[in-house]
Amino acid sequence: MRNPSLELDRRSFIRHATALAMGIPAATTSWSAWAQQAPAAPAATPNYWDWFKYSPKILEKWIVDATDNPNHVEIEPIRRSNTGVRKRMLVIYPRPSSAYDISITKILNVFEDKSIDASVTVMNFLNDPARGRAVLKRAESGNYDLIMAMGSETTAWLWEAYRGGRIPVVSVCSKDPVVLGQSPGYNKGSNTNFAFTSLNMPIDVQMAYVNELKPKLRNIAILVDSRNVSAIETQSKPVVDYAKTRNIRTLEIAVQNPANARAELETLVKDATAQMMRNDPDLSNSIYWVTGSTSVFREIATINAYSSRAAVLSVVPEIVKGGADSAVLSIGISFESNAHLAAVYAAEIITGRMRAGELKVGVVSPPDIAINFRKVRDIGMTLPLSFFEAASTIYDYEGNPVRVDGVSVKQTG
Amino acid sequence: MNSSRDLPVGKRLIDAFTMLIVASISMVLLIYVAFGEARRNYERFQIEKLIAQGQVVQSSLESFVRPGLPAHQYVGFNLLAEPMVKADPLIDAISFFNANGERTFQAGQAHNQIFPRISETLKVNDSQVTVRHSGDAFQVVLPVRNRFEQVGHVVLTVPSQKVTERVETAFRQVMYVGAAVSVGFALFVFFFVHNLAASTRSRWVAGGFVASFLITAVFVVSTLVSVYAQGAQARAKSIADSLSQRLDDLVAYNINFDDIVGIIPLFGEYKRLNPEIRSAALLVDGKIRAHADPARRGTDWDHRADDYEYTVRISAEGAAREVIVKVALPRDIVYQQIFRSVKNFTALFVASGFFAALFMGLARSLKQLSDSNVEGQWTQEEELATINLVKPVFFLAVFVEHLSYAFLPPLMKASAAAAGLSGGWGSLPFVAYYLAFAISLYPSGRIERSFGAKNLIIAGLTLAGLGLFIMSMGVDFWTTVLARALSGIGQGVLFIGVQAYILANSSPGRRTQAGSAIVYGFQAGMIAGMAIGSLLVSYVGVEKIFLLGAVIASATLIYGLIGLPSRTSGTDFSDTMHSAWREMATLIKNGVFARTVLLVGIPAKAVLTGIVLFAMPLLLTQNGYAREDIGQITMLYAGCVIIASHFASVRADRDNNTASILFNGSTMTACGLAMIAAVAFVDPASSVVATSLIIVGVAIIGIAHGYINAPIVTHVTNSRISQQVGMTSTAAGYRLLERIGHVAGPILVGQLFVIFGASWTVLGAIGLGIFLLGAIFVSHADADHEDGVSLSSEARA
């Protein structure tokens, strides 16, 4: 058994060292102050920092401890246990990702808001099945109450290696389990030890929004990175299949070389616009559908430049920004929203209110909607009132944010 | 005959006191029903307003928590809720409770917990709003959800007293008016009526009673108008607030309305969800931008003096464009509510009238009997007075039985379903009642000779009351069947007891006249019971209606013990019944008799119990009719029977062609049923057309049964077989056989509903059947008529 006082000293030391490494004055070690200013690039980073990051505000409520193993992080709530029995949760990462940073921050926030008394172990299995098996063995012997599978790769590997296992598993930041064949349907539980959440909206739901926006839709151009297989499978292919059954012409615009995306998109979008104008001269019934491929959506300015009056829509909320370099509208699920729902699922299971196999696929509804009214006006589009009411992020005609995370931030009327 | 203008003071005092009691009960009942209705409607208006206010807070909180922010970080709660609490004296507190039930925010007085979920749940605009009650307060509870889960509740706490205060204050004055009018009516009876000729006295008393009731009713209605008007204005305000809240951000963000689609449909949707509003519109700089009627865009708002109008300004003061929401609610909505009340008061008035007439007669009879102390002298007045003593017993027995008829069929259906049985079993309690009633007749007649009519009445009342008392305990289905069977036995025993009492206390020459007391008592008791039961059930609940019935039965029992003389009829009912059964075989073998009973008599009674009393309440409940409406529709049937019976009897005596009258009755029954069945083909939105068809259809069936009830007895007693077995035996035999219809009605209709589903069209099919039976009956009419005429001629000779 470890000596608690020594353990505390060790934690204090690591926290102190981490703070110093991130450029925070050692005398104050104020994480909230750090959160309010852009941090300097850390001179020396904690041993996990290359794959595990989080908002510094987390440290107001949680103690994040590095261990001797750089792929292993221990997190404990600062608040004292009020039940006496602290639950144990294991989060398995496959690799570093900014999406996972957002997700783990949200999960810890939700746990704190719900006063869930749980310690969290985070381990990176580096997409290595052998390491993964060792992590699972540790989970079984360490009496963990829940595993959270961070990312589609972890979920897919655990689905193969640990389906029917003793410990319940909740997927987070993972793509559609129905499309990937992991779950039999959206309205069913898995009847195993898995509870799935999805980063993708069911295609019928997503297209219902598109249909409300453009009831007479004639053309849909789908922009995707040809190398991003999962985006093709979960975001592009379902849209193509959907459009085919409804006589909507689809134009698949696939970037072949992400490094040359801008040049490729200039030609592809220009040609697509010309094609769409043949059956829809004013492009009022044509849209560009930007998938979650980084190489594509970071070229939003190029897409806008050649899309003329066709509406540029995206599944990634972050593509809607103030100013002109923005999609007009996004309809999708953010990493943060998905992680919130995964945390709610985790809380339900860990507190014994629900069994993992009973929980239907967690799809956030309504989705995250973001609107840029400057773009709405530029292309002469109209928006349904229901979109405006449901939108969590809105930019006004000047490109200023007027609603952020559902809260009005500006009163100009 | 007493025609002297001056009544003795004692008699005048009795009359005045009786009328004071009857008028007071009538006024209390009228004011109680009006108060209950006013409170219910006013509470509904206020709750709708509170929900709209709660939705403003709910919506603001939800827009904060929707992306997943913790609710306790919301900083604007008090800024939003405090002004609401201060501006609305009704609201004690507005709070937010988190998912664990802990209070996070509070504006107004502290309330530490949400009341448990015990009251009904209302669905409002897709969000579940609950109204929860505790002893002295109620809470409007609105769930707050983000996109992941429910995170808590917005709770508006309102002391019940504050909601009822307004109505109570208004009705306190009405109570004084009711008391003054009752006293005034009693004084009128005491000081003026005795000066009038005996022949016109009862007319003046009736006129006085009508005037008293009307004066109070006028005050009640004017009070209702004022209370409802206030509630309607609150309703208009809540709709305008809700609309403006949904458009608030568009104005705040300076979004051009032309960039948004769906604003006009939004107003159309509000109009659809709140059909009572005449108009709702969004106005920009004085011109309509969006309206429930899309064609109104760009026009001016048409203000109407007969509307309640409410305006909410969305744009800030001094903003470049003025944006407002206007909602107009026609004042007619108040008058529509009043119409419902007036309809209920009319039903109550009719019921009160029966009570008044009955108790006036009773009081006079008691006085009459107490004055006649010479034993052995049996005057006509004393004889009538003695018979009058039993009238309230029979009236009240029928009254308590019918208190529950407006809601009994759906209640029984639900009870059967709760026991895991199909809907068809819902008719079993009815069958049990009528079967027990019929079976009890024969042994009751036998017992009467040994124990006397009074004891039979007491026993009948005890069993009938016991059956109702069991029902008041909210028992399971099988106990309900037992309770209904007990009531059936009780009513059967009581029926024989009352009949025996009348025979025992009336001279042979006046027995027919005395027997009319039974007919009057049954119809009046049925009408009054249906009227009062269907009105009170909304305020006191089903169990208390049964309990009220049991209490009245007990009080009647005490009256019977004290007030009724113990005499036996001297008629062996068992012998009568026995011989009736014996002669039954002879009667049934007779073509005229058998055809009349099987083709007209039994079907008519089956329509009464199977359709009017069983199927109609079921179907009407299924179609959303209020219980008081169901009661009043059945009252209409009984009223039409009484009126039509009078004319049918005159016609039967005049034309001596009862077969034709009976066929008319059957045809009219079929027409009435066809008319009701036509409801199935009416657009569900046309409730006025459907209701009109039902009302006219039921009235026609009532008239039809009036054309059957009395003439059918004349028809069978005029037949040749009557000469053979005797007119009395023929009539008695018929009365026994027609009870098959009473029992068979609910069974047949219940089974038809099981096979074809509970629908109006089934009634049409039954109507066709009734018509065909009538046609077969009339096709033999010539032979029957010859038979009847010859007998009639002999009889006259």
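Flag not set for B:MET635, criterion: open to solvent by 30 Å² or more (accessible area, probe 1.4 Å) and within 26 Å of B:HIS402 (Cβ to Cβ). Scanning segment B:617-632 for residues that are part of a helix (DSSP H, G or I) and either open to solvent by less than 10 Å² (accessible area, probe 1.4 Å) or at positive phi (or both) yields B:PRO617, B:LEU619, B:LEU620, B:GLU628, B:ILE630, B:GLY631. Among the residues of segment B:197-218, which ones are of a type in the set (A, V, I, L, M, F, W, C) and open to solvent by less than 40 Å² (accessible area, probe 1.4 Å)? B:ALA197, B:ALA198, B:VAL205, B:PHE209, B:PHE213, B:ALA217, listed by residue number. For A:ASP204, the stated conditions do not hold, so it cannot be described as crowded, with 22+ Cβ neighbours inside 10 Å and under 24 Å from A:ILE331 (Cβ atoms).
Yes/no matrix, rows are residues, columns are (1) assigned to a helix (DSSP H, G or I); (2) farther than 22 Å from A:TYR209 by Cβ; (3) not assigned by TED's automatic domain parsing to the domain that holds A:LYS216:
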| residue | (1), (2), (3) |
| --- | --- |
| A:THR234 | yes, no, no |
| A:PRO238 | yes, no, no |
| A:ASP241 | yes, no, no |
| A:LYS244 | yes, no, no |
| A:ILE253 | no, no, no |
| A:LYS270 | yes, yes, no |
| A:SER284 | no, no, no |
| A:TRP289 | no, no, no |
| A:SER295 | yes, yes, no |
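Taken as a whole, the structure places B:VAL227 among residues that are β-branched (Val, Ile, Thr) and buried (at least 21 other Cβ atoms within 10 Å of the Cβ).
Taking each residue of segment A:102-117 that is touching a residue at least 12 places away in the same chain (Cβ under 8 Å) and within 12 Å of chain B (Cβ to nearest Cβ) and looking for partners that are in a helix (DSSP H, G or I) and among the charged types (D, E, K, R) with beta-carbon atoms closer than 7 Å, six or more apart or interchain, yields A:ILE102/A:GLU336; A:LYS106/A:GLU336.
How many residues are of a type in the set (A, V, I, L, M) and either at pLDDT below 90 or touching a Pro at 6+ places or on another chain (Cβ under 9 Å) (or both) if we restrict to segment B:436-462? Within segment B:436-462, residues that are of a type in the set (A, V, I, L, M) and either at pLDDT below 90 or touching a Pro at 6+ places or on another chain (Cβ under 9 Å) (or both) number 6.
Identify all residues within segment A:208-232 that are part of a helix (DSSP H, G or I) and not polar (S, T, N, Q); write none if there are none.
A:ALA208, A:TYR209, A:VAL210, A:GLU212, A:LEU213, A:VAL229, A:ALA231, A:ILE232
Within segment B:62-73, residues that are within 17 Å of B:ASN100 (Cα to Cα) and more than 7 Å from chain A (Cβ to nearest Cβ) sit with their Cβ atoms under 6 Å from residues that are surrounded by fewer than 21 Cβ atoms within 10 Å (Cβ to Cβ) and of a type in the set (S, T, N, Q), at 6+ positions apart or across chains, in these pairs: B:HIS72/B:THR104. Of the residues in segment B:236-246, not one is within 14 Å of chain A (Cβ to nearest Cβ) and among the acidic types (Asp, Glu). Residue count for segment B:275-300 satisfying the condition of being part of a loop (DSSP other than H, G, I, E, B) and surrounded by 18 or more Cβ atoms within 10 Å (Cβ to Cβ): 3. No other residue among B:THR761, B:THR728 is surrounded by fewer than 18 Cβ atoms within 10 Å (Cβ to Cβ), at pLDDT 85 or above and out of contact with any Ser or Thr (no Cβ under 7 Å at 6 or more places or on another chain) apart from B:THR761. Only one entry in A:LYS244, A:LYS270 is basic (Lys, Arg), surrounded by fewer than 21 Cβ atoms within 10 Å (Cβ to Cβ) and modelled with pLDDT of 95 or more, namely A:LYS270.
Which one is farthest from A:LEU385 (Cα to Cα) among residues in segment B:250-266 that are within 7 Å of another protein chain (Cβ to nearest Cβ) and open to solvent by 40 Å² or more (accessible area, probe 1.4 Å)? Among them, the one singled out is B:ASN254.
Name the single residue that is most open to solvent (accessible area, probe 1.4 Å) among those in segment B:314-347 being within 14 Å of chain A (Cβ to nearest Cβ) and modelled with pLDDT under 85. Top of the filtered list is B:GLU317. For the residues B:VAL220, B:VAL284, the requirement of being within 30 Å of B:PHE35 (Cα to Cα) and modelled with pLDDT of 85 or more singles out B:VAL220. For B:LEU598, the test of being assigned to a helix (DSSP H, G or I), touching a helix residue (DSSP H, G or I) at 6+ places or on another chain (Cβ under 7 Å), at pLDDT 85 or above and not polar (S, T, N, Q) is failed.
The values are calculated or read from the model by the stated rules, or taken from the named source; none is laboratory data. Keep in mind that what you see is a predicted model, and the values were worked out from it rather than measured. Here Cβ is always computed from backbone atoms with ideal geometry, including for glycine, and neighbour counts include all displayed protein chains. Heads up: the accessible areas ignore ligands, DNA and RNA and are worked out on the full protein's heavy atoms, side chains in. Shrake-Rupley method; radii C 1.70, N 1.55, O 1.52, S 1.80 Å.
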